[in-house]
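> Before we start, here is the structure in question, set down as structure tokens.
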Amino acid sequence: MERVGAIVTFPDFERLEGYFSSFKEDLVAVKTIDELNRIKGKYLGRNSLLGELLSKLRELPQEEKKKWGQKMNMLKTEMEDMLKEKYHVLHFEKEKRKPLDITLPGKKQWTGTFHPVLIVRDQILAIFRSFGFRVESGPEIESDFYNFEALNISSDHPARDDQDSFYLNEKWLLRTHTSPAQIRTMQKLTPPFKAVVPGRCYRRDAFDATHSPMFHQIEGLVVAPGISMGDLKGTIEAFVHRFFGKERRTRFRPSYFPFTEPSAEVDVSCGVCWGEGCRACGHTGWLEIMGAGLVHPQVFLNVGYDPEVVQGFAFGMGIERIAMLKFGVTDIRWFLENDVAFLEQFKTLR
Amino acid sequence: MKIAYSILKRFLKGLGLSSYELADLLIHQGLVVERVWGMEEIFALPIFSALVEERRDKLGYTECLVTFQDKTFSVAVEKWGAPSPGDKVLITFKNGIPHFSPSRGEEKRGLLPFLLTLPENFPAGEDVSEALLGEDCVLDLEITSNRGDCLSIIGIAREVAAKLDLDWGYPANCYHEDDSSVTFSLYDEALDLCPYYTGKLITHIEIRPSSWPMAKDLYLLGLRPINNVVDATNLVMMETGQPLHAFDASKIRNKTVVVRRARSGEKLITIDGVERVLSKEMLVIADDSSPIALAGIMGGENTEVSPLTETVFLESAIFDRVSVRRTSKLLGLRTEASARFERGVDPERVKYASERVLSLLSQEGEMTVAKAWFIAGEPPQTERSIVVSCQKAREVLNCSIEKEQMMKILGRLGFGVTPSQHDQMIVDVPSFRSDVSLPIDIIEEIGRINGYGAISSRFPTFPFDPGNEEEEDHLEQTIRNFLVNRGYKEIVTLSLINPKTVQELGIEDDQIITIKNPLSQEHSMLRSQLLVSFLEVLRLNMVRERNHFGIFEVSKVFSPAPNGEQSWKEEKHLGIALCGSLFPPLWSKGLQVDLYVLKGLIEEMIDIIGLHSQQVIFSYPEEEMAGFSKVGAFILKDPQGNRLGWGGQLEEKLLWKLDIREEIYYAELRVEEIFRLSGKKVLQVQEINVFPSTTRDISLIVDQTITWGQIEAVLYESVREHQMDVEDIGVFDLFEGESLPPDKKSITFRVVFRSPRKTLSDVEVEYWVSEMKKKLKDMRGVYLREEFFHS
Ligand SMILES: [Zn+2]
């Protein structure tokens, strides 16, 4: 290459004509990306003629500088475009020879899941929040007073047999239901109010497919003047429709709890057999989902409310039981075992 | 409780429902029907009739030869219970072996107490099970603890009558009494626990097997026939709900019956053959020297009716429900009788029940009954009237029900009802409904029979309540969402733990709350931290060869509060455990989890709940942490030094005990404390910085003991001093090895400078870098790389 003197002459620039045609010839002959890179260096690199002339441009008189500047930039752009195009062609050919195996598994990270019992708890809480309920809480270690006495279950009451308790000492025990939170909520809030209280409960039951010494409940409590069984029914029916689906029916039948009067058991029609009777529902067509009733006047008196002034309804449901019904889980122990393969099945619920 | 349709009908004229209609009716009135039994379930095996061929009297027993389809079997039977030749008896076959009792009979010394004789019309040698039951069915009911009155056929009859508007009633009694004078003394020394006691004397009776009809009734009701007297008392208990007891009168010493509290240490062998040691609060029936029955629970063996009995003292009484309940609990002895006394029996039907027993026995065979009643106390007064507003009932039940309908329902249930002014009624509660005492109880009765289906639903109208999502609940939800989205699985574990695991972990005993009455040793403590529960979950998953996962739980832990008013402390913890590889290490290289993956996760959590890294500080534990390996354990603290959590790699020794061979990283955070630090934050968005950044790398050679945290602290100190525009400082290379002395390591970090106001000049940046270097050089054991190798 010619590199003489500091004076730039026009003929140097005239040489550009032939430069472009030899670039085109070379480009046609290129077979690989490496060759392409060499061509790129040869024609567009710092030491190429074009590079040299570009650096000499400022030595030209003003008018010439403008003219050749434009010309060289156009040439450079065109050459770059042609190189890019050639690159794509070559690259594609290379890809065709060594394709990426898109059927290989992707690098998946761990799949997170919420626990099914807490999924159900959160779904239920969300429904009641949307009904205007507050969410309250209470301790898991309760006194005999809150767990039993205030709820009208004296120490010699036969109803205590249904709730065999774990005692810490004579006065304190692990709560056997979330109902003591009724008492705490009434002491904390002023009517009218609507509240739900979720939490763990403990009963002295040995493990089997449907029993566990620990389980979760959600307690509901609504206190206001003039609350009736109609309000209870309407609220629970609305809940069942939201949680189980519009096509499920609700049945209320009389029952007994020392802290509600009248008391009711709530059943929802079986979603497997649609009421015909099947194994899932014990051939009855109905699934028992909660206990409920109007707050017993004595319970109101126990917290200093006047049962002539306010009335209320309460309900309580076992979350594991509902989760079992909802997901077809046949053994309550699976919930506490936490086999990650079991948990992973709930990945679509978040 | 079991009821048979055929027996129910005796108390309820005109009952014409199918068994399933009956079950449905009862369910809708609050009586849970657990099962409707057909014949196959009652008599699990087909029952055949077989013919008694011969009776051979032996010493102490009788041998009966029974033929069934050309085969002859020999059965040893008590002398009194052996049928005559020509009688037909029951026979079933279990695994080809003949059985002569359709229920689990008690065969003492291979000897049957008796053989039941079948009615004449059953042909010998045929399957008679269908013929036995006929159209009958049995309903198994679960009775709620308030409805003692429904532990009887008559109680169920009333329920059905109220719904169907039928007549119900007690059958009339008929038996013969004679005037012969009898001497017997009765003393009630505990009227508080036994307000009413009646006795009747059967002066002569022959103890025999019950007739087939009575035996069949007992089978249907789930009871086992024993002999005519005991069977009659049992049947009447099922019919009326009044438990009765029959004593062999000849064995009551000095013909004296005393109702009294037991003497401390007194003993009684009950008819189940168990010796019971009694205490002062227990009520007994005694003769003039020692107890002969546990009042209301079970009789004594010493006065049990036997085949040799000729005179019977028949007891029907009221015992205090709390006393019966306590005694029965103390002795661990629950019986059909105690269940009824606990729930309360009908004081108006005490004598009737005795008379009913005598009527049934007089149908069974010859006997003589003394006319006299032996009575102590009197039936407790239960009369009470309740004024009920019909309007109130309509409001509570939210349905339109006429006053007449209410009165009709209550009347059928046995309540006395008088209409009163202003839409009110006066309701007299019958003696058998001790559970009813308030107007709301009466309203429930109306609602129950009228049906809950009649209640019209509505949604409570309420003043607007803005609700109350607590900040802490919100943050807990944020953390749970974050971890699940990061790929962690939420677990729920039992709060009750095994003290053995606790011991292995070396957690101090006074930290733990013990259950006074655990079900098993395995679940006899309340956990004071989550790690114990996590270990069990990890072990289970490892056993099943699930080795790559992260799990977490937010749950309460418990500890005794230090001298607080409240004796217990409940605190929410977050536990996180991870093991294996973040990607499955299959065709590509996996990413093994390590301590810094765990730490990064915690840092991210701290970040998203709005805390600074200076608010939750990672530091070394002051002493060894049980369960964690010595290197890599850490403590989280707030700036005041309060413990916010801890974590690290779990100790190999511990994991090996659980057969875990994987590396496990675990952390436990006191989330409530951390949330408290977070407080309420207002998010204020900053201008977007569009000025260019300048980066500079600085390489250091430092002593092994120097931590990155120390270097970082010095750097930020100089940032503050010179008000440098620093966007980020991050380690990007950590190196130790051959080219370095063994006590040194190389750290290279990158500082990103960016000003929010201007493009930084090289001069400014160089000045800041030199200031940083100056400061670093002042640190002991820290050298600039370029200077280290030249010196
Ligand atoms: Zn079904």
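> If A:VAL329 meets every condition in (1) within 19 Å of B:VAL33 (Cβ to Cβ); (2) within 16 Å of the ligand (Cβ to nearest atom) apart from one, which number is that one?
Only one criterion is unmet by A:VAL329, namely (1).
> More than 8 Å from the ligand (Cβ to nearest atom) and either more than 14 Å from every other protein chain (Cβ to nearest Cβ) or over 33 Å from the mean Cα position of the chain (by Cα) (or both), is that true of A:GLU308?
Yes: the conditions hold for A:GLU308.
> Moving to a separate point now. For B:THR478, all conditions in the list (1) surrounded by fewer than 21 Cβ atoms within 10 Å (Cβ to Cβ); (2) within 11 Å of chain A (Cβ to nearest Cβ) hold save one; what is the number of the exception?
(2)
> Right, next: Would you mind listing the strands (runs of 3 or more DSSP E) fully within the range B:582-649 where at least 1 residues are crowded, with 18+ Cβ neighbours inside 10 Å and touching a residue at least 12 places away in the same chain (Cβ under 8 Å)?
Output list reads B:634-637, B:643-649.
> Every residue in the range A:223-271 that is within 10 Å of chain B (Cβ to nearest Cβ), within 16 Å of the ligand (Cβ to nearest atom) and out of contact with any Lys or Arg (no Cβ under 7 Å at 6 or more places or on another chain), please.
A:THR250, A:ARG251
> State which residue is farthest from the other protein chains (Cβ to nearest Cβ) when the search covers only the range A:149-188 and only residues that are assigned to a loop (DSSP other than H, G, I, E, B) and touching a helix residue (DSSP H, G or I) at 6+ places or on another chain (Cβ under 7 Å).
By that ranking, first place goes to A:SER179.
> Right, something else. For the range B:535-547, how many residues are buried (at least 20 other Cβ atoms within 10 Å of the Cβ) and at the interface with chain A (Cβ under 9 Å from one of its Cβ atoms)?
Going through the range B:535-547 one residue at a time, the tally reaches 2.
> So how many residues does the range A:315-346 have that are in contact with an Asp or Glu (Cβ under 7 Å, 6 or more places away or on another chain) and within 30 Å of A:ASN152 (Cβ to Cβ)?
2
> Restricting the search to the range A:194-213, which residues are surrounded by fewer than 22 Cβ atoms within 10 Å (Cβ to Cβ), of a type in the set (A, V, I, L, M, F, W, C) and touching a helix residue (DSSP H, G or I) at 6+ places or on another chain (Cβ under 8 Å)?
Residues satisfying the conditions are A:PHE207, A:ALA209.
> Here is a follow-up. Within the range B:380-423, how many residues turn out to be crowded, with 19+ Cβ neighbours inside 10 Å, touching a helix residue (DSSP H, G or I) at 6+ places or on another chain (Cβ under 7 Å) and either among the β-branched types (Val, Ile, Thr) or under 30 Å from B:TYR197 (Cα atoms) (or both)?
Matching residues across the range B:380-423 total 7.
> If you go through the range B:4-26 one residue at a time, how many are part of a loop (DSSP other than H, G, I, E, B) and either within 18 Å of B:ASP217 (Cα to Cα) or among the acidic types (Asp, Glu) (or both)?
Residues that pass the stated criteria total 2.
> Show the residue pairs meeting these rules: Cβ distance below 6 Å; 6+ apart or different chains; first residue within the range A:262-273 and at pLDDT below 90 and of a type in the set (Val, Ile, Thr); second residue within 8 Å of the ligand (Cβ to nearest atom) and assigned to a loop (DSSP other than H, G, I, E, B).
A:VAL272/A:CYS278; A:VAL272/A:ALA280
> Any residue that is within 25 Å of B:LYS216 (Cβ to Cβ) and outside any loop (DSSP other than H, G, I, E, B) - is there at least one of those in the range B:166-175?
yes
> State whether one or more residues within the range B:463-471 are at pLDDT below 95 and surrounded by 17 or more Cβ atoms within 10 Å (Cβ to Cβ).
Scanning the range B:463-471 turns up no residue that is at pLDDT below 95 and surrounded by 17 or more Cβ atoms within 10 Å (Cβ to Cβ).
> Assess whether B:GLY506 counts as being surrounded by fewer than 18 Cβ atoms within 10 Å (Cβ to Cβ), more than 12 Å from chain A (Cβ to nearest Cβ) and either among the polar types (S, T, N, Q) or in contact (Cβ under 8 Å) with a residue 60 or more places away in the chain (or both).
yes
> Continuing with the same structure: Can you tell me which condition B:GLY610 does not meet? The list is (1) within 47 Å of the chain's Cα centre (by Cα); (2) under 30 Å from B:ASP743 (Cα atoms), and all the others hold.
Of (1) within 47 Å of the chain's Cα centre (by Cα); (2) under 30 Å from B:ASP743 (Cα atoms), only one is false for B:GLY610: (2).
> Which residues, taken from the range B:527-552, are in contact (Cβ under 8 Å) with a residue 12 or more places away in the chain and under 23 Å from B:PHE482 (Cβ atoms)?
Within the range B:527-552, B:GLN529, B:LEU530, B:LEU531, B:SER533, B:PHE534, B:VAL537, B:LEU538, B:HIS548, B:PHE549, B:GLY550, B:ILE551, B:PHE552 qualify.
> Working carefully through the options B:GLY467, B:GLY447, find the one that is closer than 30 Å to B:ILE609 by Cβ and facing chain A (nearest Cβ under 9 Å).
Of B:GLY467, B:GLY447, the one residue that is closer than 30 Å to B:ILE609 by Cβ and facing chain A (nearest Cβ under 9 Å) is B:GLY467.
> Sticking with this structure for a sec: Tell me yes or no: at least one residue of the range A:282-302 is within 16 Å of the ligand (Cβ to nearest atom), without any contact (Cβ under 8 Å) to a residue 12 or more places away in the chain and not β-branched (Val, Ile, Thr).
Yes, the range A:282-302 contains a residue that is within 16 Å of the ligand (Cβ to nearest atom), without any contact (Cβ under 8 Å) to a residue 12 or more places away in the chain and not β-branched (Val, Ile, Thr).
> When A:GLN187 is evaluated against the numbered criteria (1) over 23 Å from A:LEU125 (Cα atoms); (2) surrounded by fewer than 16 Cβ atoms within 10 Å (Cβ to Cβ); (3) out of contact with any strand residue (DSSP E or B) (no Cβ under 7 Å at 6 or more places or on another chain), which criterion, by number, is the only one it fails?
So the condition that A:GLN187 fails would be (1).
The values are calculated or read from the model by the stated rules, or taken from the named source; none is laboratory data. None of these values were measured; they are calculated from a predicted model. Cβ coordinates were reconstructed from backbone atoms using ideal geometry, including for glycine residues, and neighbour counts include every protein chain displayed.
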